[in-house]
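A short write-up of the structure that comes next.
Derivation of every value follows stated rules applied to the coordinates shown; laboratory data play no part. Please read these numbers as outputs of a predicted model, since none were measured by experiment. Heads up, the Cβs are rebuilt from the backbone with ideal geometry, glycines too, and the neighbour counts pull from every protein chain shown.
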Amino acid sequence: MAQETPLWEVFIRPRNGLSHKHVGSLHAADEVLALQAARDVYTRRGEGVSIWVVPSRAITASDPDHAAETFEPTADKIYRHPSFYDIPDDVGHM
Amino acid sequence: MPALFDAVLELADDHLILGHRLSEWCGHAPMLEEDLALPNMALDLIGTARTLYDYAAQLEGKGRSEDDLAFLRVEREYRNLLICERPNGDFAQTMLRQLYFAAFMEPYWAAAVDSPDAVIRGVAGKAMKEMAYHVRHAGEWVIRLGDGTEDSAARMQAAVAELHRFTGEIFEESAASAALVAEGVLPARAGMRPAWDRVIGMIFAEAMLEAPEVPYPQTGGRRGLHGEHLGHLLAEMQYLQRAYPGATW
């Protein structure tokens, strides 16, 4: 089954105004059945208002072996976090 | 109102028996995704059955509960359509049975949302959406199996040959339901024929299937005349209530 039936990644938008979020994956023969399976597997408890399915093979992932050069150089660049500004009280919460 | 009690019970029995049939797939479906989809659909049907049994019990007013009606009657007292009790067979047969039933119930409930009966209206509003999904889900599978591999096409054709003779009964009116159609409480079953023919025709065209001639239409469920399979279903479904009367959870 798994060898013949393609794998799909499922993204659900929990409510309007939020973005679609990855929730898991499933097997389905094509995009129509993948959407139906996503509905049945991932939205049984009212989890969402919109579903995307994407063929897993369409996703290009970063290589975990390259994690050191990909992600670690940002660790000491705290000035990239916009937390050094004085914000007037009148502006309120940002 | 004995006619309303009978007519509500007929609808409740259709939904309970077909729901129980679908639930038999739980843990046995060909893939995990369908192992969730089939019980989902079963729960839609059983949910509708519960509301209807509860209503029937109130109408009867003899102190019977929804559980008494669902679990403590004998075979001849069940009024479900024969197609609802047909065995699951293979996946093709299960999906076709679901399509035949849901393609009728979707327009039926859609027509019943204007019923003067508040309970019927309430059930209809919820169930028509559920049935629309069942048509889509079962329909897509019928198309893919019918127009699929040599094996799946042969199984789908066999399912049509097996089940089509039970479809005529879906459009028949019992004495009770006919009385309620006359009062405008329930929609006329025959009125769903064009919608059913259109949906089945579209799906069959895509699935490369043909509706066969039916020389001997099968009917009798509304009069309690069932096939030999219903007794086995009831034996399993009623076992707990028979062995431990009044058991709850």
Amide H neighbours of B:Gly148 under 5 Å, counting only residues 5+ apart in sequence or on other chains, H built in-plane at 1.01 Å? B:Ala153
Relative contact order [Cα under 8 Å, 6+ residues apart], the range B:2-243, whole percent: 26 percent
If you filter the range B:2-64 for trypsin sites (Lys or Arg not before Pro), then keep DSSP loop positions with at most 16 other Cβ within 10 Å, what is left? B:Lys62, B:Arg64
Scattering profile of the range A:1-66 at q = 0.13, 0.17, 0.28 Å⁻¹ [log10 I(q)/I(0), Debye over alpha-carbon scatterers]: -0.38, -0.61, -1.19
Calculate for chain B the 222 nm mean residue ellipticity that helices alone would give, adding -39,500 (n - 2.57) per DSSP H run of length 4 or more and normalising by residue count, nearest 500 deg cm²/dmol. -22000 deg cm²/dmol
Using a 7 Å offset from the Cα along the Cα-to-Cβ direction at both B:Tyr239 and A:Arg45, what is the distance between the two label points in nm, to one decimal? 3.0 nm
Added length on full extension, which subtracts the Cα-Cα distance from 0.36 nm per residue, B:Phe171 to B:Asp68: 34.3 nm
Hydropathy first: keep DSSP H helices in chain B averaging at least 0.0 on Kyte-Doolittle, then drop any whose Cα extent along the axis falls short of 27 Å, and list what survives. B:2-23, B:32-60, B:91-112, B:118-146
Residue-normalised 222 nm signal for chain A, counting each DSSP H run of n ≥ 4 as -39,500 (n - 2.57), nearest 500 deg cm²/dmol, is -5000 deg cm²/dmol
Give me log10 I(q)/I(0) at q = 0.09, 0.15, 0.18, 0.20 Å⁻¹ for the range B:1-160, Debye formula, one equal scatterer per alpha-carbon, no solvent. -0.31, -0.80, -1.08, -1.27
Grab the beta carbon distance between B:Ala161 and B:Asp197, set R0 = 22 Å, and tell me the FRET efficiency rounded to 0.05. 0.75
D_trans [Stokes-Einstein, Kirkwood Rh over alpha-carbon pairs] for the protein assembly as shown, 10 °C, 1.306 mPa s, µm² s⁻¹: 70 µm²/s
In 5 Å bins starting at 0, how do the alpha-carbon pair distances of the range B:130-181 split up by percent? 4, 17, 15, 18, 18, 12, 7, 6, 3, 1
Candidates A:Pro14, A:Pro82, A:Pro73, ranked by Gaussian network fluctuation over chain A, Cα under 10 Å, top entry: A:Pro82
Kindly express, to the nearest 10 degrees and within the range 0 to 90, the angle between helix A:31-42's C-alpha long axis and the longest C-alpha principal axis of chain A. 70 degrees
Each residue of B:18-27 has, on average, a number of other protein chain C-beta atoms within 10 Å of its C-beta equal to 0
With springs connecting C-alpha atoms under 10 Å apart, model chain A as a Gaussian network and identify which of A:Ser56, A:Ser83, A:Ser25 has the largest mean-square fluctuation. A:Ser83
